[in-house]
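Some notes on the structure that comes next.
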Amino acid sequence: MLLSVQAAIAYIPTVVRELREQLRRLRDETGMRRVVVTNLHPMGCTPTFTRLLNYTGCDPLANAGAAQHNAALRSVLSALDPNNRTFLLLDVHTPFAAFLLDDSNGDSDKKRFKSTLRPCCESFRPDGYCGEEDENGTRQYTLCDDAGRYFYWDDVHPTQAAWAAVARTFRAAVKSFLSV
């Protein structure tokens, strides 16, 4: 996993360069007037990474990669749109981090989650996936009783409850940006 994280981090400049070009095209060639762009959440806190730590913490290297990507993205958006009229950076990193990394966060939304680092649907094998069955049709995963009490559904996807809690934090900014 370390090699793949390092490879992903090395690829960040290429990704951001391509994002800059495509965002410029959306604005200049297609005439898009309002574009919402999300940054990355703390990637090292997804169960893909927390599983390797027995769901007790987040992978700092993967989180550093997300932070590096987010800083580069902020820089690109500032250069493309200094007055924030066309592009809104929807910061999903901050609310995700509040749920996943901040133990002092006494937010009632955070308290609703039984687990923020372990998924509701968990494969028996580290290289398996949620929903996998063997050749006899036997489930190769466990499923929690209440997905609403888990932050992650599977190794990478937040639950509907997690997205609802996170979305509350940026609803006003989106409405303002879109003039709704």
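The values are calculated or read from the model by the stated rules, or taken from the named source; none is laboratory data. If you're wondering where the values come from, they're calculated on a predicted model, not measured in any experiment. All Cβ positions, glycine included, derive from the backbone under ideal geometry; neighbour counts span all protein chains shown.
Within segment 80-95, is even one residue under 16 Å from D154 (Cα atoms) and surrounded by 15 or more Cβ atoms within 10 Å (Cβ to Cβ)? Looking through segment 80-95, none of the residues is under 16 Å from D154 (Cα atoms) and surrounded by 15 or more Cβ atoms within 10 Å (Cβ to Cβ). The condition of being at pLDDT 95 or above and part of a loop (DSSP other than H, G, I, E, B) holds for H41.
Checking N54, N39 one by one, the residue that is surrounded by fewer than 21 Cβ atoms within 10 Å (Cβ to Cβ) and touching a His at 6+ places or on another chain (Cβ under 8 Å) is N39 and no other. Across segment 58-66, a minimum of one residue is classified as within 16 Å of L89 (Cα to Cα) and not aromatic (F, W, Y).
Go through segment 55-91 and count every residue that is touching a Pro at 6+ places or on another chain (Cβ under 8 Å), small (G, A, S) and touching a residue at least 60 places away in the same chain (Cβ under 8 Å). Residues meeting the conditions: 1. Going by the structure shown, is A147 more than 30 Å from R17 (Cα to Cα) and in contact (Cβ under 8 Å) with a residue 40 or more places away in the chain? Criteria not met by A147.
From the list A79, A67, the lone residue that is under 16 Å from the mean Cα position of the chain (by Cα) and modelled with pLDDT of 95 or more is A67. A single entry from S108, S123, S104 fulfils the requirement of being surrounded by 20 or more Cβ atoms within 10 Å (Cβ to Cβ), modelled with pLDDT under 95 and out of contact with any helix residue (DSSP H, G or I) (no Cβ under 7 Å at 6 or more places or on another chain): S123.
Search segment 7-35 for residues being among the basic types (K, R) and assigned to a loop (DSSP other than H, G, I, E, B), and hand back the single one that is surrounded by the most Cβ atoms within 10 Å (Cβ to Cβ). Within segment 7-35, the match that is surrounded by the most Cβ atoms within 10 Å (Cβ to Cβ) is R34.
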